Every structure is written in structure tokens, then in C-alpha cells.
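Peer 1: One structure coming up, written as C-alpha cells, with questions to follow.
The values are calculated or read from the model by the stated rules, or taken from the named source; none is laboratory data. Predicted, not measured: the structure shown is a model, and the values here were computed from it. Heads up, the Cβs are rebuilt from the backbone with ideal geometry, glycines too, and the neighbour counts pull from every protein chain shown. Calculation scope for accessible area: heavy atoms of the full protein, side chains included, ligands and nucleic acids excluded. Shrake-Rupley method; radii C 1.70, N 1.55, O 1.52, S 1.80 Å.
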Amino acid sequence: MTYDFLQRLGLSEVNSGVAHGSFISNPGGGEFASISPVDGRPIAKVLQASTEDYEAVLAKAVEAQRVLRTVPAPLRARMVRDIGDELRASKEDLGKLVSLEMGKILPEGQGEVQEMIDMADLAVGQGRMLYGLTIASERPRHRIMEQWHPLGVVGVITAFNFPVAVWSWNALLAVVCGDAVVWKPSSQTPLTAVAVQKIAHRVALRHGFGEGVFNLITGSGAVVGERMLTDQRIPLVSFTGSTPMGRRVAEKVGSRLGRTILELGGNNAVVVLDDADLDLAVRAVVFGAIGTAGQRCTSTRRVLVQRGVAKTVVDRLIDAYGQVRIGDPLQAGVTMGPLVNRAGVADMQTALQRVREQGGEVLFGGEALSGPGYESGCYVRPCIVRANPRMPIVREETFAPILYVMEVEDLEGALAAHNDVPQGLSSAIFTLNMRSAETFVSPEGSDCGIANVNAGTSGAEIGGAFGGEKETGGGREAGSDAWKQYMRRQTCTINYSRDLPLAQGIRFDE
């Protein structure tokens, strides 16, 4: 451990990755090292959960939730407010840890922590807005009302690419709604989870909540993940990851009639029409395609550009890609860090081989990088490919910085190609034509959960509900009314008359 910020975050050479509030000192699931993709070196070791550790954590979570559900929501929100303040104080250090362990550049790492802070602010306000309805009754002197109660223990399974932000989308709202949270982080990024768990539990203790409100279980899918999916004590599992694994989550949780929030793959496209502000469009595409080294679910993967401006757009993209500085994400001026591991590099090379076999043309980049500064074997040059919508590879999501550029005749052709993929997360159009813009966000336009006009596919704000359709899973997290997923709805009828009339005019007294 050679980074001062690791000690400031409470991390040591060997860390327990299992906590029922406080950390279990010696969990029995074995240890593994968190390897940084920046230099290929171990950062620190993490101890994983055994089956006995899992049971200990769940027992505490269930016990804590029974208490938490009786605490008024505004008081639960005060705890979340203070978590937000602790995150503010640790933003610089946590951002560095995200960059070191995951590989995204430092501004993105710190931006992810800021997203947690923003989510805390949103959740605090939500604590006074868990609204129900009053409904008119057809029966005299009756009132119908709808109210929301805490759901129970919420399971959160997060992916490596947003190792802490996605936890906050779920956990901070869930706790305000009265639910305890059990978090299984990605094995690629366990140290960020350990650091955040320390902060959350420290604040929970300060507010008198004790053990079991925030819980962490680091471990294998067989020991931890499968148990979470089949555990009747967890009525809701929020899962972020691949579509194939999302199908398994849905099947397993659905077989016990549990709930799921699924945030799965994206294959996001930007439509560029010939009346677009090309300066704006090119900047958005470049950030969307190379941000987080193409490892965002909202990364721009496809550009559908109208034929009249296609050559100009391609030339500008190639010029911009040539200026991308690739290297240590903790260094100032670097615009793209490494992929999370060497397997990601191999997947990218396999995808590019398929591109060539299917008739695509690599216009720029794509090669794995080696030599000084790239010793980890996780660095690549971002890639631009000339493709057509009929290529099978274009319908798939490769979690790497590959950008497919395809020419289209008009908006109708662009929409047909845009929607002809299995995924439906994020989308964007660049145009100055009002009719084109309105068509894109209309029912006959983009079929994605997110549709932007003159803004890229990445960088969704937490005020709106985040998620997508089709093979993206249909889940929604963060803002809008996403809070309702963490609660159970109850419809109540109150009779303040002396009679017992039935609905629908039914009578049994004649």
C-alpha cells in the first residue's frame, strides 16, 4: 500500500469484506487481492464471506429492518443527510480509490462520488415526500387511502464500472424508505465497497441505529450471489450487470415471486442529422464513446449519421481520437484510462476480428497498448469502425471503446436502424429541426428508456429515473418515483358510517 488516501479511508493491507454494520473480523470465505488495472499490482487483500458469515449478516439485517421501519422517515433521512456530508469530506480520497481500483480517470472517479452526494441530497428530500393518495369512495361515509410501508431487506448487487454510485442509487433511497440494505459488490472493485461501508456504518452508529442497517457481503457468486437470489428474507434484489446474468437473476428471484430491479446492457446510439451542430455532436460522441474507456452501460456504441455530413463527422472523430491521451487515470491530463482487466482487452480484440470478418472497416485505433506505462496489459487505443446496421456485431454490446459509424439516408432510416437492436437503454439525436427532435422523443421515435436531444448518451442526472427497455431489463433507479420500488403499497378503506354497504351495489340483506 503506497497511497496515503488508502489509510485515510481506513483501508489496510488485509481488509474484511463482510459487515453486518461493523465488520466481521475474520470471515471464512478465503482472501483475494484487488488488482489495479492501472499498473497490474495488488492494492490490498480482501477477506470474503463463508455461508456462516452470510447467515450472520442476514440475521442482523432482518433484525435491524424491524426497528428501522418504525422510525419516522424524516429521521431516517437525517442519517442519509449526514452520510452525504461524510462523502463530501472524503470525495477526493474516494475518487482516487475508484480510479485506482476500476481505472476510470480521476475526474470521473470524483464525479462518481459526487453522484453519491447528489443522491443523498435527493433521498433526504424524499424522506418527507413518501406520498400516498386519497381516493373517492362510491360508498357513503367511506374513505379510501393509499399508503406506502417499508418493504424489507433490499439486496443490491453492483458492477465494477460504477462501483459506488449504483449502490447509492439504491441504498440511500431504500434506507429512507425504511429498508435495511445488503450489498454484494463486484469482486473487481471490493475496496471501494469496504471504504463506503465504513462511512455509512459510522454515520448509522452516530444516529443510534446500531448494527444491520448497512451490510456488506463480498464473496463469490456461488456463496453470496446465489443465496441472495433465492433468499426469501430479501424481497427485492437490484442487479446491475450483463444481460445473460440478468436473465438468471430474474428467473431465480421470480421463481420465489420476489421483485427485481434490472440494469443490464446498453447499445446506445447517437443520431446526427445534416442540420446538427456538428461541434456539439462530435464532442458528445467522443466523451460518450471513450468515457470510462467505453465501460459505461450508457457508452455511445453507434453513430447513425446522415449521409450529407457523414464524411465530415468521421474526419472530425478521427482527429479527436488522435488527441486522446491514454495512461494512468490518476494523472492530470489523461483522458482515458485502462480497461478493468486483461479479459476486457481480449474481448475487444475478438470483437474487432469479427468486425473484419463481417465486412467492417477499422478507421482508427483498436490495438492493445504495451510498453512503458502500459505494463498492466489493460490499455487499448479507442477504435472507430465503419459499419452497417446489418452486421451482427453491431447488435451486440462489447464493453470496450469501439464506436460503430453508419450512414443513413434520413430520420426514418436512422430510427429503423436505431431501434433494431435488442437493448434499449440510452439514445440521443443531434438536430436543430424541431420536428425531427420531437419525433425522436415521440412514441414512434427512440424505444429507449433515455432519449436526449442535443445531449449525449452518457451523463444522466439523478433527478430522473434511470433505466431502459428490452434486454436492458426494464429497471428504474435514482429519481422520479423510483422510491416506490423499495416500499409496499397498501390500500385502506375506512368506514365511518353505521352501515356496511358493499361495493358494486351488492346487497345481502334483501
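Peer 1: Tell me which residues, restricted to the stretch 110-124, are touching a residue at least 40 places away in the same chain (Cβ under 8 Å) and either closer than 30 Å to Gly505 by Cα or of a type in the set (Gly, Ala, Ser) (or both).
Peer 2: Those that are touching a residue at least 40 places away in the same chain (Cβ under 8 Å) and either closer than 30 Å to Gly505 by Cα or of a type in the set (Gly, Ala, Ser) (or both): Ala120, Ala123.
Peer 1: Read through the list (1) touching a Ser or Thr at 6+ places or on another chain (Cβ under 9 Å); (2) farther than 20 Å from Lys484 by Cβ, then give the number of the only condition that Glu138 fails.
Peer 2: All conditions are met except number (1).
Peer 1: Looking for whichever is in a helix (DSSP H, G or I) and at pLDDT 95 or above here; the options are Trp169, Trp183. Which one fits? Explain how you work it out, then say what you get.
Peer 2: Values: Trp183 fails: in a helix (DSSP H, G or I).
Within the list Trp169, Trp183, the selection yields Trp169.
Peer 1: Next up: Among the residues in the stretch 322-340, are any surrounded by fewer than 19 Cβ atoms within 10 Å (Cβ to Cβ), part of a helix (DSSP H, G or I) and among the β-branched types (Val, Ile, Thr)?
Peer 2: No, the stretch 322-340 has no match at all.
Peer 1: Test Gly371 against the criterion of being in a loop (DSSP other than H, G, I, E, B), open to solvent by 20 Å² or more (accessible area, probe 1.4 Å), over 30 Å from Ala437 (Cα atoms) and modelled with pLDDT of 95 or more, and give yes or no. Walk me through how you get there before you give the answer.
Peer 2: Numbers: in a loop (DSSP other than H, G, I, E, B): yes; open to solvent by 20 Å² or more (accessible area, probe 1.4 Å): yes; over 30 Å from Ala437 (Cα atoms): yes; modelled with pLDDT of 95 or more: yes.
Judged against the criteria, Gly371 is a match.
Peer 1: In the stretch 402-414, which residues are open to solvent by 10 Å² or more (accessible area, probe 1.4 Å) and small (Gly, Ala, Ser)?
Peer 2: Gly413
Peer 1: Do we have Glu112 as among the charged types (D, E, K, R), open to solvent by less than 10 Å² (accessible area, probe 1.4 Å), in contact with a strand residue (DSSP E or B) (Cβ under 9 Å, 6 or more places away or on another chain) and in a helix (DSSP H, G or I) here? Can you show your working first?
Peer 2: Details: among the charged types (D, E, K, R): yes; open to solvent by less than 10 Å² (accessible area, probe 1.4 Å): yes; in contact with a strand residue (DSSP E or B) (Cβ under 9 Å, 6 or more places away or on another chain): no; in a helix (DSSP H, G or I): yes.
Judged against the criteria, Glu112 is not a match.
Peer 1: For the stretch 238-286, name all the residues that are in contact with a Ser or Thr (Cβ under 6 Å, 6 or more places away or on another chain), part of a loop (DSSP other than H, G, I, E, B) and open to solvent by 20 Å² or more (accessible area, probe 1.4 Å).
Peer 2: Of everything in the stretch 238-286, just one residue is in contact with a Ser or Thr (Cβ under 6 Å, 6 or more places away or on another chain), part of a loop (DSSP other than H, G, I, E, B) and open to solvent by 20 Å² or more (accessible area, probe 1.4 Å), namely Asp275.
Peer 1: Give the residues of the stretch 287-308 that are open to solvent by less than 20 Å² (accessible area, probe 1.4 Å) and assigned to a helix (DSSP H, G or I), sorted by residue number. Don't jump to the end; show me each part of the working.
Peer 2: If we filter the stretch 287-308 for residues that are open to solvent by less than 20 Å² (accessible area, probe 1.4 Å), which is where we start, we get 288-295, 298-305.
Gly288, Ala289, Ile290, Gly291, Thr292, Ala293, Gly294, listed by residue number.
Peer 1: Follow-up question, since we're still on this one. Is there a residue in the stretch 132-149 that is among the aromatic types (Phe, Trp, Tyr), open to solvent by less than 20 Å² (accessible area, probe 1.4 Å) and under 25 Å from Ala465 (Cα atoms)?
Peer 2: No, the stretch 132-149 contains no residue that is among the aromatic types (Phe, Trp, Tyr), open to solvent by less than 20 Å² (accessible area, probe 1.4 Å) and under 25 Å from Ala465 (Cα atoms).
Peer 1: List the pairs whose first member sits in the stretch 252-268 and is without any contact (Cβ under 8 Å) to a residue 60 or more places away in the chain, whose second member is assigned to a helix (DSSP H, G or I) and open to solvent by less than 20 Å² (accessible area, probe 1.4 Å), and whose Cβ atoms are under 6 Å apart, counting only residues at least 6 apart or on separate chains?
Peer 2: Taking only residues 6 or more apart or on different chains, the pairs are Lys252/Leu229; Val253/Leu229.
Peer 1: (1) part of a loop (DSSP other than H, G, I, E, B); (2) closer than 18 Å to Val340 by Cβ: which one isn't true of Gln232, the others all being true?
Peer 2: Every listed condition holds for Gln232 apart from (2).
Peer 1: Kindly indicate which of Arg354, Arg342, Arg307 is touching a helix residue (DSSP H, G or I) at 6+ places or on another chain (Cβ under 7 Å) and among the charged types (D, E, K, R). Before you say what the answer is, go through the steps one by one.
Peer 2: Details: Arg342 fails: touching a helix residue (DSSP H, G or I) at 6+ places or on another chain (Cβ under 7 Å); Arg307 fails: touching a helix residue (DSSP H, G or I) at 6+ places or on another chain (Cβ under 7 Å).
Residue meeting the stated conditions: Arg354.
Peer 1: In the stretch 200-221, how many are open to solvent by 10 Å² or more (accessible area, probe 1.4 Å) and either more than 24 Å from Pro42 (Cα to Cα) or in contact (Cβ under 8 Å) with a residue 24 or more places away in the chain (or both)? Write out each step before concluding.
Peer 2: Of all residues in the stretch 200-221, those open to solvent by 10 Å² or more (accessible area, probe 1.4 Å) come to 201-202, 205-211, 220-221.
Imposing the further condition that a residue be either more than 24 Å from Pro42 (Cα to Cα) or in contact (Cβ under 8 Å) with a residue 24 or more places away in the chain (or both) reduces the set to 201-202, 205-211, 220.
Qualifying residue count for the region: 10.
Peer 1: Can you report the number of residues in the stretch 379-393 which are open to solvent by 10 Å² or more (accessible area, probe 1.4 Å) and not in a strand (DSSP E or B)? Please lay out each step first, then the result.
Peer 2: Pass one, the stretch 379-393, residues open to solvent by 10 Å² or more (accessible area, probe 1.4 Å): 381, 386-390, 392.
Next cut, not in a strand (DSSP E or B) only: 381, 387-390, 392.
Total meeting the criteria: 6.
Peer 1: Filter the stretch 415-450 down to the residues that are open to solvent by 40 Å² or more (accessible area, probe 1.4 Å), touching a strand residue (DSSP E or B) at 6+ places or on another chain (Cβ under 8 Å) and among the aliphatic types (A, V, I, L, M) and list them by number.
Peer 2: Val441
Peer 1: Can you tell me which residue is least open to solvent (accessible area, probe 1.4 Å) among those in the stretch 463-501 that are free of Cβ contacts under 8 Å to residues at least 40 places away in the same chain and aliphatic (A, V, I, L, M)?
Peer 2: Taking the stretch 463-501 first, the residues free of Cβ contacts under 8 Å to residues at least 40 places away in the same chain are 464-465, 480-481, 498, 500.
Then keep just the ones that are aliphatic (A, V, I, L, M); that gives 465, 500.
Values: Ala465: 37, Leu500: 144 Å².
Per the stated criteria, the residue is Ala465.
Peer 1: How many of the residues in the stretch 1-26 are farther than 18 Å from Ser376 by Cβ, part of a loop (DSSP other than H, G, I, E, B) and free of Cβ contacts under 8 Å to residues at least 60 places away in the same chain?
Peer 2: Of the residues in the stretch 1-26, 5 are farther than 18 Å from Ser376 by Cβ, part of a loop (DSSP other than H, G, I, E, B) and free of Cβ contacts under 8 Å to residues at least 60 places away in the same chain.
Peer 1: To continue, here is another question. Find the residue count for the stretch 211-240, including only residues that are touching an Asp or Glu at 6+ places or on another chain (Cβ under 8 Å) and either hydroxyl-bearing (Ser, Thr, Tyr) or farther than 25 Å from Gln65 by Cβ (or both).
Peer 2: 2
Peer 1: Please determine whether any residue of the stretch 57-70 is open to solvent by 30 Å² or more (accessible area, probe 1.4 Å), assigned to a loop (DSSP other than H, G, I, E, B) and either in contact with a Gly (Cβ under 9 Å, 6 or more places away or on another chain) or more than 21 Å from Lys484 (Cβ to Cβ) (or both).
Peer 2: yes
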